[in-house]
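To keep things clear, I will list the structure first and then write my remarks on it.
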Amino acid sequence: MNFDFTFQPPSIREKPYSVSEINYGISEILQKENLFVCVEGEVSGYKKAYSGHSYFTLKDEESKIPAVIWKDKKEIPKIEDGMKIVVFAEIKVYQTGGYYQLDVFSAFESGTGKNFAELEILKQKLLAEGLFSPEKKRILPSNIKKIGVITAKNGAAFYDILKIMEEFAPNIDIMLSPAVVQGKTAATSLIKAIKNINKLDNCDVIIFGRGGGSKEDLSAFNEEEVVRSVANSKIPIICAVGHEINKSLCDFAADIYAPTPTAAAQMVCRAGFEIRNSFEELSLHFQKIVRKKLFAINNFEQLLDDFSIDLCNSFKRNYEQKYEKIQNYERILSALNPNLPLKKGFALIKNEDGKIVKSAKNLSFGQKIKIIFDKNQVGAKIDEL
């Protein structure tokens with residue numbers, strides 16, 4: 001529907017507004033204002049719907065406001081009635097119900113720490129600027145010849161990367177731009193290392209990170225200038241800080257996230273295969289479509305929670321079937337690899353014309369043949385039939 005979002009008084013407006021027009025107009029006005037807020041209050045009436053969305057009221061001594069946590073916000077800790085919490089949310093209008101609410105994307109219990117709140121505020125600031133936008137993410141190049149690695153020179157992360165690359169992709173060159181990865185000088189060192197590799201501009205991709213550690217050890221990867229350097233890199237970056245429980249801001253800013261440096265190296269190795277590249281591209285495209293669809297139907301899903309559990313189940317099954325179908329395609333493509341039997345100890349026999357010999361009936365005494373294994377081959381001569 002196309003409505004006039006500049007509301008007119010009765011003396012100018014020719015006909016009354018419908019209820020839907022009022023709600024839709026208010027929703028558009030709030031959306032244009034981009035009302036992201038930080039709110040503190042007490043949880044009341046908390047309930048988790050069958051679809052996975054959670055609904056509750058946030059209140060203080062004088063007022064209250066409805067709030068919703070969509071099911072994709074999996075990092076939010078457990079919330080119970082009576083808890084005093086701080087939420088980061090966007091003010092939205094639930095048009096069907098005719099009321100406004102808080103769409104919560106992060107929450108923590110009051111008093112859990114100033115650093116957490118400051119980090120969340122920075123995260124939302126960079127998110128609003130578009131640094132984490134999916135549209136900015138780049139996929140791995142199809143023909144990787146050289147990678148840059150930014151990590152500690154003598155750290156375990158670098159040796160883990162070397163081990164994987166030497167075993168599975170010895171043809172790919174590796175350049176280390178060493179950096180301090182924790183402590184007071186870490187942020188400056190990491191920024192300098194990113195600049196150095198970008199200045200040389202001779203790498204196809206950068207693996208950026210370190211092994212796991214405490215929140216304090218990983219704090220440099222949450223520094224604003226480090227995050228901006230990652231987001232602004234001319235060369236695609238795989239961020240592999242090595243901690244899966246709480247992602248760093250650099251993980252969100254990078255083109256690709258890897259849970260560990262080893263996993264990042266494995267990604268680079270797989271990127272050399274054309275079939276894998278095609279699947280990655282298809283997967284990213286599919287994820288973008290799903291994200292756009294889910295964003296567009298948030299209000300519709302809330303209506304389903306109120307009125308139709310069956311439709312929610314149908315949507316979930318459809319999504320799982322499509323995802324399983326893609327996984328099946330990947331398994332089929334892997335199984336079609338003609339060299340797979342050779343890796344298991346089998347061999348191919350070819351005659352002098354280079355044709356595959358399928359039966360001993362096709363051979364003759366004294367005939368020369370080639371026996372081809374996984375990584376080498378030998379010549380042979382038939383002396384017995």
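Tabulated values for the structure
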{"quantity": "Rg to Rh quotient for segment 83-181, alpha carbon positions, Kirkwood Rh", "calculated": "1.19"}
{"quantity": "222 nm mean residue ellipticity, helices alone, for the chain (DSSP H n ≥ 4; -39,500 (n - 2.57); rounded to 500)", "calculated": "-12000 deg cm²/dmol"}
{"quantity": "Solvent-accessible area of C203 with every protein chain in place, 1.4 Å probe, in Å² to the nearest 10", "calculated": "10"}
{"quantity": "Most fluctuating residue given options E216, E28, E352, as computed from a GNM of the chain linking Cα atoms under 10 Å", "calculated": "E352"}
{"quantity": "Exposure ranking of R317, R228 by accessible area [1.4 Å probe, largest first]", "calculated": "R317, R228"}
{"quantity": "Radius 13 Å from Cβ of V180, net charge of other residues (Lys, Arg +1; Asp, Glu -1)", "calculated": "+2"}
{"quantity": "Between segment 20-76 and segment 171-229, the alpha-carbon center distance in angstrom", "calculated": "38"}
{"quantity": "Net charge, Y100 excluded, C-beta distance under 11 Å - Lys, Arg +1, Asp, Glu -1", "calculated": "-1"}
{"quantity": "For segment 328-366 versus segment 140-164, the gap between their alpha-carbon centres in whole angstrom", "calculated": "35"}
{"quantity": "Debye-sum result for segment 113-262 in log10 I(q)/I(0), which assumes one identical scatterer on each alpha carbon, at q = 0.13, 0.14 Å⁻¹", "calculated": "-0.53, -0.62"}
{"quantity": "Fraction of beta bridges assigned by DSSP in the chain that are antiparallel (%, nearest 5)", "calculated": "70"}
{"quantity": "Accessible surface, segment 23-87, averaged per residue in Å² (probe 1.4 Å)", "calculated": "62"}
{"quantity": "Rg ratio (alpha-carbon, reference 2.2 N^0.38 Å) - the chain", "calculated": "1.34"}
{"quantity": "Segment 122-213: trypsin sites (Lys or Arg not before Pro) in DSSP loop, at most 16 other beta carbons within 10 Å", "calculated": "K137, R138, K145, K153, K184"}
{"quantity": "Among S229, S44, S18, residue whose mean-square fluctuation peaks in a GNM of the chain (springs only between Cα atoms under 10 Å)", "calculated": "S18"}
{"quantity": "Segment 194-236 - accessible surface per residue (Å², probe 1.4 Å)", "calculated": "46"}
{"quantity": "Average Cα contact separation per residue, the chain, under 8 Å, 6 or more apart, as relative contact order %", "calculated": "10"}
{"quantity": "The chain, accessible surface, carbon-and-sulfur percent (1.4 angstrom probe)", "calculated": "53"}
{"quantity": "Top of F300, F365, F373 by mean-square fluctuation, Gaussian network on the chain, Cα under 10 Å", "calculated": "F365"}
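The values are calculated or read from the model by the stated rules, or taken from the named source; none is laboratory data. Just so it is clear, the model here is predicted, and its values are computed rather than measured. Heads up, the Cβs are rebuilt from the backbone with ideal geometry, glycines too, and the neighbour counts pull from every protein chain shown. The accessibility values were calculated without ligands, DNA or RNA, using every heavy atom of the protein model including side chains. Shrake-Rupley method; radii C 1.70, N 1.55, O 1.52, S 1.80 Å.
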